[in-house]
1. Within region 130-140, is there a residue that is within 16 Å of residue 202 (Cβ to Cβ), at pLDDT 70 or above and either touching a strand residue (DSSP E or B) at 6+ places or on another chain (Cβ under 8 Å) or buried (at least 17 other Cβ atoms within 10 Å of the Cβ) (or both)?
2. What residue, among those in region 189-228 that are farther than 15 Å from residue 111 by Cα and surrounded by 15 or more Cβ atoms within 10 Å (Cβ to Cβ), is modelled with the highest pLDDT?
3. Which pairs turn up if I take residues in region 101-113 that are in contact (Cβ under 8 Å) with a residue 60 or more places away in the chain and look for partners that are assigned to a helix (DSSP H, G or I) with beta carbon separation below 6 Å, at least 6 apart in sequence or on another chain?
4. Is there a residue being under 29 Å from residue 212 (Cβ atoms) and at pLDDT below 90 anywhere in region 36-45?
5. What number of residues within region 209-240 satisfy the criterion of being out of contact with any strand residue (DSSP E or B) (no Cβ under 7 Å at 6 or more places or on another chain) and within 17 Å of residue 97 (Cβ to Cβ)?
6. Here are 46, 51, 37: which of them is surrounded by 15 or more Cβ atoms within 10 Å (Cβ to Cβ) and without any contact (Cβ under 8 Å) to a residue 24 or more places away in the chain?
7. Quick one: which of 29, 57 is touching a strand residue (DSSP E or B) at 6+ places or on another chain (Cβ under 9 Å), under 30 Å from residue 143 (Cβ atoms) and at pLDDT 95 or above?
8. Tell me, which residue of region 142-154 that is touching a helix residue (DSSP H, G or I) at 6+ places or on another chain (Cβ under 8 Å) and at pLDDT below 90 is nearest to residue 215 (Cα to Cα)?
């Protein structure tokens, strides 16, 4: 038996609500800004009509996902914090990913990390340090540059380039570089930073990039020699996060 409007238990043949998707994109814009968002900034970032932006923001406020501050700016509500915590528990993220990070660090002798976008910047949410005399140390919870870190470049290339580049420091990534990163599924740090790193996207069950897996070492390391390892463990993490019903 199926619910009214569904053709089967998977919902095949049922179209998504385009209006809901547009509202959720506005929520993403607010979430990706490092500070509470001004109406004018959101209108500029989205490229939508003023009336449309107002309607979407009002919908999100009334639904409890955004708070409208006294100064007129919009920010994520505590409901979003609760949803984030519940998502982490349901995905069992730590238990499923940490063993893979540990294996990647042991194989490459490099520090392996997982980053997510928080307050508009890539933030380290999990990491395993390499067992080596010389390591590039990364602090759990540390923020990184969107444009200069390998993880940041992955987030820009695979998440929402327009939204993320709007809050990035500088003019944004070269479109040719974004295309190359999307094709190779690997991004690298530029030279001269004292460390070297590469990163690959991590996708949720719906096929959306929500995190980046990276390896980092001192600048003398030939990071590209570990491309195959990074892609292998990126695929393993994606498989570990895939819902059982999708297998």
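The values are calculated or read from the model by the stated rules, or taken from the named source; none is laboratory data. Values in this document were obtained by computation on a predicted structure and should not be read as measured data. Cβ atoms come from the backbone with ideal geometry, glycine included; neighbour counts cover every protein chain shown.
1. Let us first name the residues in region 130-140 that are within 16 Å of residue 202 (Cβ to Cβ), namely none.
Looking through region 130-140, none of the residues is within 16 Å of residue 202 (Cβ to Cβ), at pLDDT 70 or above and either touching a strand residue (DSSP E or B) at 6+ places or on another chain (Cβ under 8 Å) or buried (at least 17 other Cβ atoms within 10 Å of the Cβ) (or both).
2. 201
3. Taking only residues 6 or more apart or on different chains, the pairs are 104/233; 107/229; 108/226; 108/229; 112/101; 112/104; 112/105.
4. So far as region 36-45 goes, yes, one or more of its residues are under 29 Å from residue 212 (Cβ atoms) and at pLDDT below 90.
5. 6
6. Only one candidate qualifies: 46.
7. Working: 29 fails: at pLDDT 95 or above.
Matching residue, one of 29, 57: 57.
8. Among them, the one singled out is 144.
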